[in-house]
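The values are calculated or read from the model by the stated rules, or taken from the named source; none is laboratory data. All figures in this text were calculated on a predicted structure; none of them were measured in a lab. Note that we place each Cβ from the backbone using ideal geometry, even for glycine, and neighbour counts take in every protein chain shown.
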Amino acid sequence: MFRSVYLLLVFLVLWSCRQEETTPSAVPAYVLVIHGGAGALQKSEMTAEQDSQYRAMLHLALDAGEDILKNGGTSLDAITAAIRIMEDSPLFNAGKGAVFAHDGTNQMDASIMEGETLRAGAVGGVSQARNPILAARAVMEKTDHVLLTGSGADQFVLDAGLDTAGTDYFFTQRRWDSLQKILKREQQDSLSDQKFGTVGAVALDRNGLLVAGTSTGGMTNKRWNRLGDSPLIGAGTYADNRSCAVSCTGHGEYFIRYAVAHELASRMRHLGGDLQETATALLADELFPAGGTGGLIALDRHGQIAMPFTTEGMYRGFTRPGERKVAIYGDED
Ligand code: ASP
């Protein structure tokens, strides 16, 4: 009798500790963080109308994801919904607004990762998927693979029954003009003054699940089937419930070399500490001195958020119960 009571007490103590660890009271019920790309975004170059268009679209993306999260939906559905909104807008370099490659085509990349299972999916260089993030998600959910590229990935989009669109849909005058400008200059350093515009999202849901996703048209004037960091798990996207979810934007080659998304998750997992400080130090003290510009969004299982960038600005925003913020420039906190 005494032994059973003792065992019951031990069980209750352990159970309450477990509850405490997984759902500390300070953890918000849900969090969604998004970005619409980092780059040379200067207030002086942006009209008031453009400024408000971008902010409105960031709010719409947050609305779409938050509706799902606050009704008990998953972080996977929330980031997919938020990224789709940005892919459907011509404002961002993803989906509809994807930039043009050197040969005048649109070659889009996307990836997605779940932090609990470490399941992931990605597509590189797809040209017909209306929403590349859905293609990445289908790779994760419907195949045994992680990354599909080029014509095979386009065929997969058709086989999976996803919406497709023709070249007319992906034509936007602004992106076409950017390519023509760069083609005229053909300077090696032309990449450095580009506005990037990739989109990404990370979320934490009521069940404590972290998910990350990224979608992009890559870099204007890219050649030779160049892939950046966005479709590469560990470089542009990573999620691990033991540490954090990360989505990057910027000059992809540097994010690949420094495996930025995984590096941040790894530091948080092994060293712990403040997410914002760790993420800022990674970009500012390592990537930037090496010549890499860009930014990232990150979110950990306690609901800590980081949105550092080394450029003049980054389209960004977050929402959680009772709090919402969108920002563009570096001087907005
Ligand atoms: N990281 C993307 C790439 O290199 C570009 C971007 O973030 O805008 O393809």
Practice task
Scan (1) surrounded by fewer than 24 Cβ atoms within 10 Å (Cβ to Cβ); (2) among the β-branched types (Val, Ile, Thr); (3) within 16 Å of the chain's Cα centre (by Cα) for the single condition Thr319 breaks and write down its number.
Solution key: (1)
Handout entry: Residue check, Asp67 without any contact (Cβ under 8 Å) to a residue 12 or more places away in the chain and surrounded by fewer than 22 Cβ atoms within 10 Å (Cβ to Cβ)
Key = no
Problem - Residue match in the stretch 52-59 (condition: touching a helix residue (DSSP H, G or I) at 6+ places or on another chain (Cβ under 8 Å), away from the ligand (no atom under 15 Å from the Cβ) and over 19 Å from Ala298 (Cβ atoms)) - result: yes
Practice task
Test each condition in (1) buried (at least 21 other Cβ atoms within 10 Å of the Cβ); (2) over 17 Å from the mean Cα position of the chain (by Cα) for Asp163 and report the one that comes out false.
Solution key: (1)
Practice task
Tell me which of these Ala290 doesn't satisfy, since it passes every other one: (1) surrounded by fewer than 24 Cβ atoms within 10 Å (Cβ to Cβ); (2) more than 16 Å from the ligand (Cβ to nearest atom).
Solution key: (2)
Handout entry: Residue list for the stretch 94-111, restricted to those being surrounded by 24 or more Cβ atoms within 10 Å (Cβ to Cβ) and over 21 Å from Ala138 (Cα atoms)
Key = Val99, Phe100
Practice task
Would you check which residues across the stretch 82-102 are in contact (Cβ under 8 Å) with a residue 60 or more places away in the chain and more than 16 Å from the ligand (Cβ to nearest atom) and list them?
Solution key: Ala82
Exercise for the section: Please find, among Gly150, Gly200, Gly217, the residue that is farther than 17 Å from Thr105 by Cβ, modelled with pLDDT of 95 or more and either of a type in the set (Phe, Trp, Tyr) or within 16 Å of the ligand (Cβ to nearest atom) (or both). Expected result: Gly200
Practice task
Note down all Cβ pairs under 7 Å where the first residue falls in the stretch 172-185 and is in contact (Cβ under 8 Å) with a residue 12 or more places away in the chain, the second is part of a helix (DSSP H, G or I) and of a type in the set (Ser, Thr, Tyr), and they're at least six residues apart or on different chains.
Solution key: Ile182/Ser190
Exercise for the section: Select from the stretch 222-277 the residues that are crowded, with 24+ Cβ neighbours inside 10 Å and among the aromatic types (Phe, Trp, Tyr) and write down the one among them that is farthest from the ligand (Cβ to nearest atom). Expected result: Tyr238
Fill in the blank from the handout: Checked the stretch 60-107 for anything hydrophobic (A, V, I, L, M, F, W, C), within 30 Å of Gln180 (Cβ to Cβ) and in contact with a Phe, Trp or Tyr (Cβ under 7 Å, 6 or more places away or on another chain); matches are Met86, Leu91, Ala98, Phe100
Fill in the blank from the handout: (1) assigned to a helix (DSSP H, G or I); (2) within 13 Å of the chain's Cα centre (by Cα); (3) among the hydrophobic types (A, V, I, L, M, F, W, C) all hold for Ala138 apart from (2)
